[in-house]
Amino acid sequence: MSTDDIDPADVLEDDLLLPGQKRATFPEDCPLGKLYRKRVAQNRDLTVIVSDWNLERGSGKTTLALRLAQAADRTDEGVTREKASLSAEELTEAYTSKPKGSSLVFDEAEAGISNRRAMSGVNEAMRKIVGMGRVEQKYLFLTTPGVHQIDSDIRAMADVWVMVREVGRAQMYRVRFNPFEGTALTDNWGILRWPDERPGEIEDTYRQLTKDKRAALRGEGDDGAGYVDASEAAESAERAADVAERQKRDELLRTIYEQNDDMTQQKLADSVGLSRSRVADILSDG
């Protein structure tokens with residue numbers, strides 16, 4: 001199916017880069033921009049998968065993902081090299097170490113969280129992070145040649161699929177979950193356009209990803225080292241997920257304590273099986 005086969009009634013053309021701007025922004029009427037602004041207002045996360053309609057490479061997915069990340073990132077540092085990676089291990093660590101409001105790009109995500117390794121520790125850790133992301137308020141953009149190459153659970157928990165149809169033009173789909181059939185439901189959100197160029201803010205990040213891809217093809221890593229052992233990556237990813245889980249627990253404890261006038265630290269500690277001193281530390285950290 002070509003772009004010309006799309007029903008014009010279903011198409012909404014949105015430019016990711018507005019005239020006269022150097023930094024990518026979400027257009028006012030863009031459905032993705034509206035969802036992003038809603039999530040910001042709700043202190044929630046956002047997960048977007050960027051793939052290709054025809055499973056092609058070199059169609060600008062990485063540039064698009066970086067531009068989307070650039071438009072979403074609310075930190076002073078922007079989309080730095082540390083926020084974009086080919087490694088599931090590095091991504092999970094960045095998810096908890098980078099400040100709230102950060103955008104993260106997981107390039108070539110199918111290599112790290114493939115649907116062929118659904119039971120791996122890395123996949124499980126990523127499911128936890130995507131599933132409980134509200135705590136960290138991060139905006140995650142994953143690229144892959146085909147959306148169905150990603151672990152099915154992670155794919156279903158994504159908010160939006162953006163499928164490149166040609167360089168500079170992509171189709172957006174809102175993803176929802178059908179609890180009765182256990183499948184993803186998609187609504188056509190129209191067309192998103194972007195220029196196939198990268199402003200200075202993300203050019204360095206793009207070059208680093210390209211360098212990492214070339215090194216990966218040669219079986220190399222930084223300083224000549226190879227890939228991190230799969231078991232080590234899984235352990236690190238699990239640790240990052242555990243940190244996110246503890247943060248979610250701590251946030252809930254603080255909410256319960258603040259909203260219940262008759263709640264004491266001892267009662268709260270007894271209800272969750274923690275010591276009173278540990279609960280006191282959690283409440284003071286808030």
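Of all the listed residues (GLU110, GLU13), the sole one being closer than 18 Å to LYS213 by Cβ, in the same structural domain as GLN208 (by TED's automatic domain parsing), at pLDDT below 80 and in contact with a strand residue (DSSP E or B) (Cβ under 8 Å, 6 or more places away or on another chain) is GLU110. Residues that are part of a loop (DSSP other than H, G, I, E, B) and among the aromatic types (Phe, Trp, Tyr) were ranked within the stretch 16-54; the one that is modelled with the highest pLDDT is TRP53. If you go through the stretch 23-40 and pick out every residue that is of a type in the set (Val, Ile, Thr) and in contact with a helix residue (DSSP H, G or I) (Cβ under 6 Å, 6 or more places away or on another chain), you end up with 1. Which of the residues belonging to the stretch 197-227 are loosely packed, with under 15 Cβ neighbours inside 10 Å, at pLDDT 70 or above and part of a loop (DSSP other than H, G, I, E, B)? Selection gives GLU197 alone. The set of residues in the stretch 54-77 that are crowded, with 18+ Cβ neighbours inside 10 Å and either outside the structural domain of PRO195 (by TED's automatic domain parsing) or not charged (D, E, K, R) (or both) comprises SER59, GLY60, THR62, THR63, LEU64, ALA65, LEU66, LEU68, ALA69, GLN70, ALA71, ALA72. The set of residues from the stretch 55-78 being in a loop (DSSP other than H, G, I, E, B) and within 17 Å of ILE191 (Cα to Cα) comprises SER59, GLY60. In the set (1) touching a Phe, Trp or Tyr at 6+ places or on another chain (Cβ under 8 Å); (2) more than 21 Å from HIS148 (Cβ to Cβ), the condition left unmet by THR25 is number (1).
Identify, from the list SER97, SER51, SER85, the residue that is within 26 Å of ASP187 (Cβ to Cβ) and either out of contact with any Pro (no Cβ under 7 Å at 6 or more places or on another chain) or surrounded by 19 or more Cβ atoms within 10 Å (Cβ to Cβ) (or both). Working first, answer last.
Details: SER97 fails: within 26 Å of ASP187 (Cβ to Cβ); SER85 fails: within 26 Å of ASP187 (Cβ to Cβ).
Being within 26 Å of ASP187 (Cβ to Cβ) and either out of contact with any Pro (no Cβ under 7 Å at 6 or more places or on another chain) or surrounded by 19 or more Cβ atoms within 10 Å (Cβ to Cβ) (or both) holds for just one of SER97, SER51, SER85, which is SER51.
Here LEU268 does not fit the description of being assigned by TED's automatic domain parsing to the domain that holds THR92 and modelled with pLDDT of 60 or more.
The values are calculated or read from the model by the stated rules, or taken from the named source; none is laboratory data. None of the values given here were measured: they were computed from a predicted structure. Cβ: placed from backbone, ideal geometry, glycine included. Neighbour counts: every protein chain shown.
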